[in-house]
Amino acid sequence: AQSVSQHNHHVILSEAASLELGCNYSYGGTVNLFWYVQYPGQHLQLLLKYFSGDPLVKGIKGFEAEFIKSKFSFNLRKPSVQWSDTAEYFCAVNANNAGNMLTFGGGTRLMVKP
Amino acid sequence: GAGVSQSPRYKVAKRGQDVALRCDPISGHVSLFWYQQALGQGPEFLTYFQNEAQLDKSGLPSDRFFAERPEGSVSTLKIQRTQQEDSAVYLCASLRRSNTEAFFGQGTRLTVV
């Protein structure tokens, strides 16, 4: 069975700082990778996804993530965060033999100070 | 509707009470998932439907949990004889078809007292 680890549970940044959130998964086969965001009081929304092709994927709101297969990682980055990026971020994996079931990491709560 | 709708948004149940949580997926979405999210954790898979067929229920934590989707649209997650450890947010997600984006509802926050 696959598992997902997010190393940072809480991150506090000032506006304009750069962001990198770590995500590692354990599964030896082919995977699809996702980052979801949950703004306060709202539902989970897809930020970006990787299925195949270019391992550097760009998502909404200036976010990007890089799939490094050799490191089993899919870290999320943003060069300059804004106060409105305050939210909880979840990395998720779908193994190709698991239907469309997503396995989520524990989440990282990001607070951006104005 | 425009998105996945779940009701109720909040439910307080006394221990031992039965509860039913409803999910209205996006119209035309074939796949439907239920997840359980405990406080401070990521969502965990409970069960999966493709149309009306429940293809995977391996994540249901006990036989007190039961889900159905009789007409391939609305789904209900039922928990019998609720216990304190059932307290969590229950999320529903739907997909138009395989390998597409999962759209999540806002969840039902269940508190068992």
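Laid out as a table, the results:
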item: Exclusive hit being under 13 Å from the mean Cα position of the chain (by Cα) and free of Cβ contacts under 8 Å to residues at least 24 places away in the same chain, set A:E88, A:E64; result: A:E64
item: Single unsatisfied condition, A:L46 versus (1) over 25 Å from B:F49 (Cβ atoms); (2) within 11 Å of chain B (Cβ to nearest Cβ); (3) in contact with a strand residue (DSSP E or B) (Cβ under 7 Å, 6 or more places away or on another chain); result: (1)
item: Any chance A:A87 is among the aliphatic types (A, V, I, L, M) and either out of contact with any strand residue (DSSP E or B) (no Cβ under 8 Å at 6 or more places or on another chain) or crowded, with 22+ Cβ neighbours inside 10 Å (or both); result: no
item: Residues (more than 11 Å from every other protein chain (Cβ to nearest Cβ), part of a strand (DSSP E or B) and not small (G, A, S)) located in segment A:4-36; result: A:V11, A:I12, A:L13, A:L19, A:E20, A:L21, A:N24, A:Y25, A:V31, A:L33, A:W35
item: Selection status of B:S58, small (G, A, S), part of a loop (DSSP other than H, G, I, E, B) and either surrounded by 15 or more Cβ atoms within 10 Å (Cβ to Cβ) or without any contact (Cβ under 8 Å) to a residue 24 or more places away in the chain (or both); result: yes
item: Residue in segment A:7-16 that is modelled with pLDDT of 95 or more, out of contact with any strand residue (DSSP E or B) (no Cβ under 8 Å at 6 or more places or on another chain) and not aromatic (F, W, Y) present; result: yes
item: Segment A:54-69: number of residues that are within 14 Å of another protein chain (Cβ to nearest Cβ) and either in contact with a Ser or Thr (Cβ under 6 Å, 6 or more places away or on another chain) or surrounded by fewer than 14 Cβ atoms within 10 Å (Cβ to Cβ) (or both); result: 1
item: Failed item, numbered, when A:M101 is tested on (1) exposed (fewer than 14 other Cβ atoms within 10 Å of the Cβ); (2) under 20 Å from B:T100 (Cα atoms); result: (1)
item: Meets criteria (surrounded by 13 or more Cβ atoms within 10 Å (Cβ to Cβ) and within 12 Å of chain B (Cβ to nearest Cβ)) for A:F72; result: no
item: Any hit, segment A:38-53, residues being farther than 18 Å from A:S18 by Cα, in a loop (DSSP other than H, G, I, E, B) and of a type in the set (D, E, K, R); result: no
item: Cβ pairs under 9 Å, 6+ apart, first in segment B:36-53 and within 8 Å of chain A (Cβ to nearest Cβ) and part of a loop (DSSP other than H, G, I, E, B), second of a type outside the set (G, A, S) and exposed (fewer than 13 other Cβ atoms within 10 Å of the Cβ); result: B:G40/A:H9
item: Flag if B:G16 is closer than 21 Å to A:C91 by Cα, loosely packed, with under 14 Cβ neighbours inside 10 Å and either touching a residue at least 12 places away in the same chain (Cβ under 8 Å) or within 12 Å of chain A (Cβ to nearest Cβ) (or both); result: no
item: Set B:S31, B:S7: member being touching a Lys or Arg at 6+ places or on another chain (Cβ under 8 Å) and either surrounded by fewer than 20 Cβ atoms within 10 Å (Cβ to Cβ) or over 24 Å from A:Q42 (Cα atoms) (or both); result: B:S7
item: Flag for B:S98 being outside any strand (DSSP E or B), within 14 Å of chain A (Cβ to nearest Cβ), surrounded by fewer than 16 Cβ atoms within 10 Å (Cβ to Cβ) and not hydrophobic (A, V, I, L, M, F, W, C); result: yes
item: Residue list for segment A:86-114, filter: basic (K, R) and within 10 Å of chain B (Cβ to nearest Cβ); result: A:R109
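The values are calculated or read from the model by the stated rules, or taken from the named source; none is laboratory data. Since the model is a prediction, treat every value here as computed from it, not as a measurement. Quick reminder, even Gly has a Cβ in these numbers, built from the backbone with ideal geometry, and neighbours come from all protein chains shown.
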